[in-house]
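**Q** Pasting in a structure now, in structure tokens, and then I'll have a few things to ask.
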Amino acid sequence: MFDPSDRPRLFGVPPGVDFPAALIAGLQDRLQGQPPHAMAQVDLIVNTRRMARRLRTLFDAGPPGFLPRIRLLTEIETLVPGIVLPPATTALRRRLELIKLISRLLETDSAIAPRASLFALADSLAGLIDEMQGEGVSVEDITELDVSDQSGHWERAQAFLAIAHAYLDRSIGQPDTEARQRQLVERIAAHWQEHPPTNPVILAGSTGSRGTTQLLMQAVAALPQGALILPGFDFDMPKHLWGMLEDREPPEDHPQYRFIDLMKKLDLTRGDILNWAGIAPPSPARNALVSLSLRPAPVTDTWLTEGPKLDDIGKATDGITLIEAPTPRTEALAIAMRLRKAVTEGKTAALITPDRMLTRQVTSALDRWNILPDDSAGTPLQLSPPGRFMRHVAALLVRKLDAEALLTLLKHPLTHSGSGRNLHQLNTQRLELLIRREGLPYPDAENLGRIGAKATNTSEDGAQFAAWIDWVGSTFCHRAAGVAHLSDWVETHLALAHQIAAGAPQDAAHELWQKKAGQKALEVMENLRANAEYGGEMTASDYADLVGALLSTEEVRDRDAPHPQVMIWGTLEARVQGADLVILGGLNDGTWPEAPPPDPWLNRQMRLKAGLLLPERRIGLSAHDYQQAIAAPEVWLTRSIRSDEAETVPSRWLNRLQNLLKGLPKSDGAAALDAMRERGKHWIAQTEALEAYARAAPATRPSPRPPVSARPRTLSVTEIKRLIRDPYAIYARHTLGLRPLDPLVQSPDAPVRGIVLHQIFEAFVKSVRDDPSLLTKTNLLAITDRVLQHEAPWPAARLMWRARIERVADWFIEREAARQSFSEPALFEARGEIAFDDIGFKLRGYADRIDRTEDGDALIYDYKTGTPPSKREQEFFDKQLLLEAAMIEEGGFKDIGPAHVARAVFIGLGAKPTEVDAPLTEETPQQTLAGLRKLVQSYLDPAQGFTSRRAVRTEAAPGDYDQLARFGEWDGTMPSTPEDLT
């Protein structure tokens, strides 16, 4: 295939040229005139499986012929027969062993790092070990560095490097994947030095960014029929600049740096690099423009001399559209619209971006046109249904079960996914309503059984529901405590996941491990089970974190018939693909290129001295991807000016391109940039037109007037306050029959606190009534502890509420002694009712506490956990005690009978305890009843509407029915709009 040469053969393919197609074309040109089987004798080594598939596809397209022997860089065991190495230690085993070692180190010295960073440290240390093995750097090379200026950090790092040292010593006999690959390449290179193959060996598509790969490239280049084919080689950069870059500090952020480094190690110059297939790029002028824009900073002055020499800048930028969208949403929508247009034009189109949030937004936007893109990255396994399910199940082992976690799992599509799924969903809905109604923040088997039994008594299918509740209680109320070996955690986790997925009938044919996502999740869990022996003791929290981390490293592609013309590629996939339209999305600094990850071990200078990869390497590889992608026939460059939080910074490459064009006014560079922007503005205007809407008139302040027959005829004493302040809420609750749903996870809010404190003081007063010697702070706090333990499942709230009662205890006991000196508690939570027969209305209510004096007078007490209403508030709005007093005098409380009310008092138990009397002398019970009658009669008048938020205490106070009333579209300054209802 190649003429004899004493120098290594290095070829390049320009940016924009379809690399796999050019590779095949070059092979076929060089094998013309040779027997057909000559192609089959070629060993072709490529760097990605996607590249191998693309090559086979192109060969299959014809003409008929033999295939070369296509191998991946990671699958070269058969390249040289007779080389035998032990199988590689699995990555998971290595990770588990490092976790165990680091865990022991943190237990020995907790000051080194927090335990929460255990997995991050293990992953980071594993990455460092991989890099050391790949670059041929020993631990001694690092430990012998001069670190006199950072001894504190270095002392901590050395503790972890000792772990790496022990691991690397062991890896000689038990190599992991990276170490085995290095050993394999070294043996292949040594064998070739003694016995070089005579057939062609070609390594194509790699930039040599990793040490092991570059070692193999050097070995291949030295063969008699060996050759390297470099992707995206910049033939437009002047030859003298290549030499200048070699003499400077490594510019690893330059897209061509890896090639400079490779040429230096092969003792080649730019003039030794030939075009592999001689295929011209789609736009040579654009390649020259982009090449100039990417000059490294030390030689950017060449813009002044080379810029004016550029030909056809307008032609170079004709195929480029620049989108500078105001928001990420606009950017995604503009991209989606262009992809849709490409479909109608019959073009292939690809979005290339490392921004996964942008790809999800574009996919969502395309859904409106029923276009499903072919996303090469797939879906992260942890976000797939099986991945979420396994993470939720692992969380059951960690923390106390709350209602939200329980219902999250019960509603998961993989829960009870065997037979009886429909009945399970119905039972789940019933259970949710029961939990909301009962206020069960932390369900357990006992409480679930209790509310299940209560529901069973009022249900026809009670037995079935009770059995299902028993299954829920025995399955989900499971919390493992303490520390266990990883093997035990895995078995417990898998058994629990199977039990939940199989459901009450324990149907083995559940859906958990079905489809691609389920199969991948099972593969991850079985791999963890197989390697669990190498893990150590860990807590449930550590295990749940480990499972989440393992699931997050996998991806699954489970698409149904994606559109063949619309693709979403990562930067790596884009290297071996071609499309008519290429969109480079998310061109903001920090996204493309991504910011280098923090290195907890070595700074940049130490890496340079040790021979490890520099942080700029990632930027250089991203720049190379950008340089290749922007050379496509039609290109979009998109970015959003603002993110969700702040203004963004354009990608450095986009910034360089714009600055270069702006600096070439005589060559129409500024006009070309304006044209690129104008094309982008056109599409932004298209998105605005697509999103345009006709503004609807805001809702008016409602004041519905339902038929008199539909108006409430029974209200409680506490609802009278609501009728005065927010009549619409009474209409919604009683006329429409709407009840606000209680929160799923009951929180220790003011209403709950009030209920609990009422129970405490009721129990205390009862105990004192039966035994006056118990009127002590000790007894009050003992009752407080007992009630809180039973009624308040929130540890923090229990402490705060107990402290509050302890603060008011002395004051309350002193006042209670005075109260019981002239009266005796008679009723607690007493129910009363009076009727206005002439207007057909009933008033009902409960009194917290009613005492009787020796003279037979009644005293009313009502406990308030907050600030009691003032006398003026009671006079106009809060009529609770005044109404209760009137009900007692009218005989509404049967256990008391008609009695004179001598006093009615709010007992405030807030930060400043106080007593506030009801204004019984200013407003007699007779006057209160007369006022109530007048109020009720007014709302039984067909002309009276139930106005929303008529006299609320503050505009900021939320109401249960504000959304129904569309509050916010109007405010308290707007007049109401009566509406007759039928």
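**Q** Can you confirm whether G452 is without any contact (Cβ under 8 Å) to a residue 24 or more places away in the chain, buried (at least 16 other Cβ atoms within 10 Å of the Cβ) and farther than 16 Å from G387 by Cα?
**A** On the way: without any contact (Cβ under 8 Å) to a residue 24 or more places away in the chain: yes; buried (at least 16 other Cβ atoms within 10 Å of the Cβ): yes; farther than 16 Å from G387 by Cα: yes.
Taking the combined requirement at face value, the residue satisfies it.
**Q** Let me ask another. List the residue pairs whose Cβ atoms are under 6 Å apart, where the first residue sits in the stretch 3-21 and is in the same structural domain as P63 (by TED's automatic domain parsing) and over 17 Å from D234 (Cβ atoms), the second is in a loop (DSSP other than H, G, I, E, B) and of a type in the set (K, R), and the two are 6 or more positions apart or on different chains.
**A** none
**Q** Pull up the stretch 721-739, narrow it to residues that are outside any helix (DSSP H, G or I) and touching a residue at least 12 places away in the same chain (Cβ under 8 Å), then point me to the one that is nearest to L932 (Cα to Cα). Even if it seems obvious, please write down each step before you answer.
**A** The initial filter retains those residues of the stretch 721-739 that are outside any helix (DSSP H, G or I), namely 726, 736-739.
Retained after the next criterion (residues that are touching a residue at least 12 places away in the same chain (Cβ under 8 Å)): 726, 738.
Numbers: D726: 16, L738: 24 Å.
Among them, the one singled out is D726.
**Q** Given the criteria in contact with a Ser or Thr (Cβ under 9 Å, 6 or more places away or on another chain) and either on the phi > 0 side of the Ramachandran plot or of a type outside the set (S, T, N, Q) (or both), does F906 qualify?
**A** It is true that F906 is in contact with a Ser or Thr (Cβ under 9 Å, 6 or more places away or on another chain) and either on the phi > 0 side of the Ramachandran plot or of a type outside the set (S, T, N, Q) (or both).
**Q** Every residue in the stretch 336-357 that is in a helix (DSSP H, G or I) and touching a residue at least 12 places away in the same chain (Cβ under 8 Å), please. Spell out the reasoning first.
**A** Initial filter on the stretch 336-357 (in a helix (DSSP H, G or I)): 336-345, 356-357.
Within the stretch 336-357, A336, M337, R338, L339, R340, A342, V343, R356, M357 qualify.
**Q** Just checking, which of G680, G669, G663 is within 20 Å of I352 (Cβ to Cβ), small (G, A, S) and either more than 29 Å from the chain's Cα centre (by Cα) or not assigned by TED's automatic domain parsing to the domain that holds G319 (or both)? Write out each step before concluding.
**A** On the way: G669 fails: within 20 Å of I352 (Cβ to Cβ); G663 fails: within 20 Å of I352 (Cβ to Cβ).
From the options G680, G669, G663, the qualifying one is G680.
**Q** Of the numbered conditions (1) more than 19 Å from A670 (Cα to Cα); (2) outside the structural domain of R677 (by TED's automatic domain parsing); (3) among the acidic types (D, E), E331 fails exactly one; give the number of that condition.
**A** (2)
**Q** Then there's this: Being surrounded by 18 or more Cβ atoms within 10 Å (Cβ to Cβ), under 28 Å from the mean Cα position of the chain (by Cα), at pLDDT 90 or above and more than 30 Å from M337 (Cα to Cα) narrows it down to one residue among L440, L407, L366; which is it? Break it down into steps so the answer makes sense when it comes.
**A** Working: L440 fails: at pLDDT 90 or above; L366 fails: more than 30 Å from M337 (Cα to Cα).
Going through L440, L407, L366 in turn, just one is surrounded by 18 or more Cβ atoms within 10 Å (Cβ to Cβ), under 28 Å from the mean Cα position of the chain (by Cα), at pLDDT 90 or above and more than 30 Å from M337 (Cα to Cα): L407.
**Q** List the number of the failed condition for D253; all other conditions in (1) over 45 Å from the mean Cα position of the chain (by Cα); (2) among the acidic types (D, E); (3) part of a loop (DSSP other than H, G, I, E, B) hold.
**A** (1)
**Q** For the stretch 443-457, state whether one or more residues are closer than 30 Å to N531 by Cβ and part of a loop (DSSP other than H, G, I, E, B).
**A** The answer is no; no qualifying residue exists.
**Q** Quick check on the stretch 246-253. Is at least one of its residues crowded, with 16+ Cβ neighbours inside 10 Å and in contact with a strand residue (DSSP E or B) (Cβ under 7 Å, 6 or more places away or on another chain)?
**A** The answer is no, given that none of the residues of the stretch 246-253 is crowded, with 16+ Cβ neighbours inside 10 Å and in contact with a strand residue (DSSP E or B) (Cβ under 7 Å, 6 or more places away or on another chain).
**Q** Kindly check whether there is at least one residue in the stretch 872-884 that is surrounded by fewer than 20 Cβ atoms within 10 Å (Cβ to Cβ), modelled with pLDDT of 95 or more and closer than 18 Å to P712 by Cβ.
**A** From the stretch 872-884, those surrounded by fewer than 20 Cβ atoms within 10 Å (Cβ to Cβ) are 872-873, 875-877; that's our starting set.
Still in the running and modelled with pLDDT of 95 or more: none.
No, because not a single residue in the stretch 872-884 is surrounded by fewer than 20 Cβ atoms within 10 Å (Cβ to Cβ), modelled with pLDDT of 95 or more and closer than 18 Å to P712 by Cβ.
**Q** Where residues in the stretch 210-235 are of a type outside the set (A, V, I, L, M, F, W, C) and closer than 16 Å to Y626 by Cα, which of them is farthest from the chain's Cα centre (by Cα)? Steps first, please.
**A** Filtering the stretch 210-235 down to residues of a type outside the set (A, V, I, L, M, F, W, C) leaves 210-214, 218, 224-226, 231-232, 234.
Add one more test, that the residue is closer than 16 Å to Y626 by Cα, and what stays is 231-232, 234.
On the way: P231: 36, G232: 35, D234: 40 Å.
Taking the candidates together, the pick is D234.
**Q** Still on this structure: Of all residues in the stretch 1-22, count the ones that are in contact with a helix residue (DSSP H, G or I) (Cβ under 7 Å, 6 or more places away or on another chain) and either at pLDDT 90 or above or of a type outside the set (A, V, I, L, M) (or both). Spell out how you get there, then give the answer.
**A** Just the residues of the stretch 1-22 that are in contact with a helix residue (DSSP H, G or I) (Cβ under 7 Å, 6 or more places away or on another chain), to begin with: 1, 7-10, 13-16, 20-21.
Then drop every residue that is not either at pLDDT 90 or above or of a type outside the set (A, V, I, L, M) (or both), which leaves 7-10, 13-16, 20-21.
Matching residues across the stretch 1-22 total 10.
**Q** I want to confirm something. Restricting to the stretch 786-826 and keeping residues that are surrounded by 18 or more Cβ atoms within 10 Å (Cβ to Cβ) and aromatic (F, W, Y), which single residue is nearest to I850 (Cα to Cα)?
**A** Looking at the filtered set, the residue picked out is F812.
**Q** What is the residue count in the stretch 280-313 for residues that are among the basic types (K, R) and over 23 Å from G243 (Cβ atoms)?
**A** Step one: filter the stretch 280-313 for residues among the basic types (K, R), giving 286, 295, 309.
Now restrict to residues that are over 23 Å from G243 (Cβ atoms): 286.
The number of residues fulfilling the criteria is 1.
**Q** Given the condition within 43 Å of the chain's Cα centre (by Cα), over 14 Å from D726 (Cα atoms), surrounded by fewer than 19 Cβ atoms within 10 Å (Cβ to Cβ) and aliphatic (A, V, I, L, M), answer yes or no: does some residue in the stretch 893-911 qualify?
**A** Yes, the conditions are met somewhere in the stretch 893-911.
**Q** Which helices (runs of 4 or more DSSP H) does the stretch 524-636 wholly contain that include 3 or more residues that are out of contact with any helix residue (DSSP H, G or I) (no Cβ under 6 Å at 6 or more places or on another chain) and crowded, with 16+ Cβ neighbours inside 10 Å? Quick ask: steps written out before the conclusion?
**A** On the way: elements: 540-552, 571-574, 604-610, 616-629.
It comes to 540-552, 616-629.
**Q** Would you say D742 is among the acidic types (D, E) and part of a loop (DSSP other than H, G, I, E, B)? Break it down into steps so the answer makes sense when it comes.
**A** Values: among the acidic types (D, E): yes; part of a loop (DSSP other than H, G, I, E, B): yes.
Yes, satisfied.
**Q** Looking at (1) at pLDDT 95 or above; (2) part of a loop (DSSP other than H, G, I, E, B), which one does P869 not meet, given that it meets all the others?
**A** Evaluating P869 over (1) at pLDDT 95 or above; (2) part of a loop (DSSP other than H, G, I, E, B) leaves (1) as the failure.
Conditions tested, residue by residue: (1) among the small types (G, A, S); (2) in contact with a strand residue (DSSP E or B) (Cβ under 7 Å, 6 or more places away or on another chain); (3) in the same structural domain as A818 (by TED's automatic domain parsing).
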| site | (1), (2), (3) |
| --- | --- |
| F877 | no, no, yes |
| I888 | no, yes, yes |
| G891 | yes, no, yes |
| R903 | no, yes, yes |
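Every residue, every condition in (1) part of a loop (DSSP other than H, G, I, E, B); (2) without any contact (Cβ under 8 Å) to a residue 60 or more places away in the chain, yes or no:
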site	(1), (2)
P919	yes, yes
R933	no, no
S938	no, yes
Q944	yes, no
R950	yes, no
G968	yes, yes
E979	no, no
T982	yes, no
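**Q** For A377, only one of the following conditions fails: (1) modelled with pLDDT under 85; (2) assigned to a helix (DSSP H, G or I); (3) hydrophobic (A, V, I, L, M, F, W, C). What is its number?
**A** The number of the failed condition is (2).
**Q** Further, regarding this structure: Being in a helix (DSSP H, G or I) and under 25 Å from W569 (Cβ atoms) is the filter here, so list the residues in the stretch 36-69 that pass it. Working first, answer last.
**A** Looking only at the stretch 36-69, we keep the residues that are in a helix (DSSP H, G or I), and these are 36-41, 49-60.
Hits for the stretch 36-69 are R49, R50, M51, A52, R53, R54, L55, R56, T57, L58, F59, D60.
**Q** Related question: Assess whether I83 counts as being in a strand (DSSP E or B) and touching a Lys or Arg at 6+ places or on another chain (Cβ under 7 Å).
**A** Details: in a strand (DSSP E or B): no; touching a Lys or Arg at 6+ places or on another chain (Cβ under 7 Å): yes.
When the stated conditions are applied, I83 does not pass them.
**Q** Can I ask one more? Can A166 be described as at pLDDT below 80 and in a helix (DSSP H, G or I)?
**A** Numbers: at pLDDT below 80: yes; in a helix (DSSP H, G or I): yes.
Answer is yes for this residue.
**Q** Quick one: which residue in L72, L118 is modelled with pLDDT under 85, among the hydrophobic types (A, V, I, L, M, F, W, C) and at negative phi?
**A** Values: L72 fails: modelled with pLDDT under 85.
Sole residue among the options that is modelled with pLDDT under 85, among the hydrophobic types (A, V, I, L, M, F, W, C) and at negative phi: L118.
**Q** Moving to a separate point now. Of (1) free of Cβ contacts under 8 Å to residues at least 24 places away in the same chain; (2) exposed (fewer than 13 other Cβ atoms within 10 Å of the Cβ); (3) assigned by TED's automatic domain parsing to the domain that holds E806; (4) outside any loop (DSSP other than H, G, I, E, B), Q963 satisfies all except one. Which?
**A** (3)
The values are calculated or read from the model by the stated rules, or taken from the named source; none is laboratory data. Bear in mind that the values here come from a model prediction, so they are computed numbers and not experimental data. Please note: Cβ atoms are built from the backbone with ideal geometry, for glycine as well, and neighbour counts cover all protein chains shown.
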